[in-house]
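Q: Right, I'll just put the structure down here and ask away after.
The values are calculated or read from the model by the stated rules, or taken from the named source; none is laboratory data. Treat the numbers as computed from the prediction; the structure is a model and nothing was measured. Don't worry about glycine lacking a Cβ; one is built from the backbone with ideal geometry, like all the others, and counts go over all protein chains shown. SASA here: full protein model, heavy atoms, side chains in, ligands and nucleic acids out. Shrake-Rupley method; radii C 1.70, N 1.55, O 1.52, S 1.80 Å.
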Amino acid sequence: MNAGRRTDSVTTGRFTARDASVACVIEPFEVKLDEAAVTDLRDRLRRTRWPEAETVGDWSQGVPLAYAQDLCRDWAEDYDFGFAARVNAFPQYRTEIDGLGLHFLHVRSPEPDAFPLVLTHGWPGSVLEFLGVLGPLTDPRAHGGDPADAFHVVAPSLPGFGWSDKPSGTGWNVQRISRAWDTLMVSLGYDRYGAQGGDWGSWVTNVLAAVAPERVAGVHVNFLAVPLAGTFDDLTPAEQKAISDLDEFRRTGSGYSGQQSTRPQTLGYGLTDSPAGQAAWIAEKFWAWTDNAGKPEDALSRQELLDAISVYWFTASAASSGRMYWENTMRASDPVDVPAGVSVFPAEIVRPSRRQAELRYPDLRWFEELPRGGHFAALEEPDLFVEQLRGFFRLVR
């Protein structure tokens, strides 16, 4: 079966896709980092007014003061601010869809029969999560893999995130984003493609299957928010542990979601003005959601953590990214009818069993529980992430 035919080889300038009603001006893009903005950040960090230390000996009240101070000292004094160069190493573009400017990576494989794939990040992530997997996904031959597993990869920045525009009105929920993603893929000339996502990216991916079932060959997620409790009467020990862990997350780890779902604008004032606040807000999630032994840097490098934080700071996207929660307080959970794959990483927030995943995916063709990794799978365990995508999409290419 044809993996997904491009109808026009042009990726810059105006072109008409196979669907003549879809035409986008696609322009090359490069992230630019103003030295004055770096100087301002350093000044703000050095003038941080710190609170008193926590009254406990762990992270249960939030990011410990000593850790926050060390992180911000590194950001101001030692960090290379190279996140822009790292993302600029890959082809990037911007286009306008449904009245909003969207940023995306588009990395074409050298393999002519490569399969088109759209990757969607979540919060507090960005397209930087995928930089370490773009090479193996697009050029497996050069990375010791089978050329038959090659992908053409499209990785958009969600509206209000990174270098996509910030919506000036309401309505940019996962349904609208999914329609925009399909328009983007068609505009790029892909009439059949796969979709993958984690966190909010999994919601977009699942809805995309309903938006364009005739084009979406299959979906793969590394985060699947399905009901765990009350699904079966004969729960296994692993299912019971997953329910217990999710209950603990709801009790002690979900406050960020409540705030961003209800008052993202209020939160944005503090995080957009204080880099220390923005750093702590994001670093806590990398501590809570990665597979680590006590600190985020057990799962990823300090540079990767500061890259992630820097994207939010330099794009001033604390409020606009938080509105993703406000826009999606009612989240679809309808069955996904296209072929599906699920990879469950052990430190993920929600860890469904196969039979629980089948409640959402009637055509579940791939289900694996991985030995290590957490919420930021592509960043934490790039090799495992690539293996999972190759394995599932071999079944639907």
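Q: At most 14 other Cβ atoms within 10 Å and a DSSP loop assignment: could you name the chymotrypsin sites (Phe, Trp or Tyr not before Pro) in segment 188-236 that fit?
A: Numbers: sites: Tyr190, Tyr193, Trp200, Trp203, Phe223, Phe232; in loops: Tyr190, Phe223, Phe232.
Sparse-neighbourhood loop chymotrypsin sites (Phe, Trp or Tyr not before Pro): Phe232.
Q: Ser168: accessible area at probe 1.4 Å, nearest 10 Å²?
A: 130 Å²
Q: Same structure again: GluC sites (Glu not before Pro) within segment 38-108: which are DSSP loop residues with at most 11 other Cβ atoms inside 10 Å? Show your work: numbers first, answer last.
A: Numbers: sites: Glu52, Glu54, Glu77, Glu96; in loops: Glu52, Glu54.
Hits after loop and neighbour filter: Glu52.
Q: If a helix is a whole DSSP H run, which ones in the chain reach 20 Å or further along their own axis (Cα) and hold a mean Kyte-Doolittle hydropathy of at least 0.0?
A: Details: long enough: 237-252 (22 Å, -1.18); 275-289 (21 Å, 0.05).
For the chain, where a helix must reach 20 Å along its axis and average at least 0.0, the hits are 275-289.
Q: Order the following by accessible area, largest value first: Glu284, Glu35. Probe radius 1.4 Å; ligands, DNA and RNA are ignored.
A: Largest to smallest exposure gives the sequence Glu35, Glu284.
Q: So, one more: Distance between Cα centroids, segment 29-59 to segment 285-357: provide it in whole Å.
A: The distance from the Cα centre of segment 29-59 to that of segment 285-357 comes to 22 Å.
Q: Turning to a different aspect of this structure: So how much accessible area does Val38 have, in Å² to the nearest 10, using a 1.4 Å probe?
A: Accessible surface of Val38 is approximately 10 Å².
Q: Same structure, new question: Sorted by accessible area with a 1.4 angstrom probe, largest first, how do Glu327, Glu387, Glu248 fall? Kindly include the intermediate steps, with their values, before the conclusion.
A: On the way: Glu327 45, Glu387 105, Glu248 80 Å².
Highest to lowest solvent-accessible surface, that is Glu387, Glu248, Glu327.
Q: Charges only on Cβ, +1 for Lys and Arg, -1 for Asp and Glu: so what's the dipole of the chain about the Cα centre, in debye to the nearest 20? Walk me through the numbers on the way to the answer.
A: Details: 38 positive and 54 negative charges, 179 e Å.
With Lys and Arg at +1 and Asp and Glu at -1, about 860 debye.
Q: Considering only protein heavy atoms, with the full assembly of protein chains and a 1.4 angstrom probe, order Lys32, Lys285 by accessible area, largest first.
A: Values: Lys32 160, Lys285 10 Å².
I get Lys32, Lys285, largest accessible area first.
Q: Now for a separate question. How much of the accessible area of segment 164-313, probe 1.4 Å, is carbon plus sulfur, in whole percent?
A: Details: 2890 of 5680 Å².
Accessible surface attributable to carbon and sulfur in segment 164-313 totals 51 percent.
Q: Another question about this same structure. So which chymotrypsin sites (Phe, Trp or Tyr not before Pro) in segment 45-88 end up in coil per DSSP with only 16 or fewer other C-beta atoms within 10 Å? Kindly include the intermediate steps, with their values, before the conclusion.
A: Values: sites: Trp59, Tyr67, Trp75, Tyr79, Phe81, Phe83; in loops: Trp59, Tyr79, Phe81.
Taking segment 45-88 and a limit of 16 other Cβ atoms within 10 Å, the loop chymotrypsin sites (Phe, Trp or Tyr not before Pro) found are Trp59.
Q: Still on this model: Roughly how much of Arg365 is accessible, in Å² to the nearest 10, using a 1.4 Å probe?
A: 110 Å²
Q: From Cα pairs below 8 angstrom and at least 6 apart in sequence, can you work out the relative contact order of segment 63-138, rounded to a whole percent?
A: On the way: 35 pairs, mean separation 16.9, N = 76.
Normalised by residue count, the contact order of segment 63-138 is 22 percent.
Q: Right, something else. For the chain, what is the percent of antiparallel DSSP beta bridges, rounded to the nearest 5? Walk me through the intermediate numbers first.
A: On the way: 16 of 37 bridges.
Of all bridge pairs located within the chain, approximately 45 percent are antiparallel.
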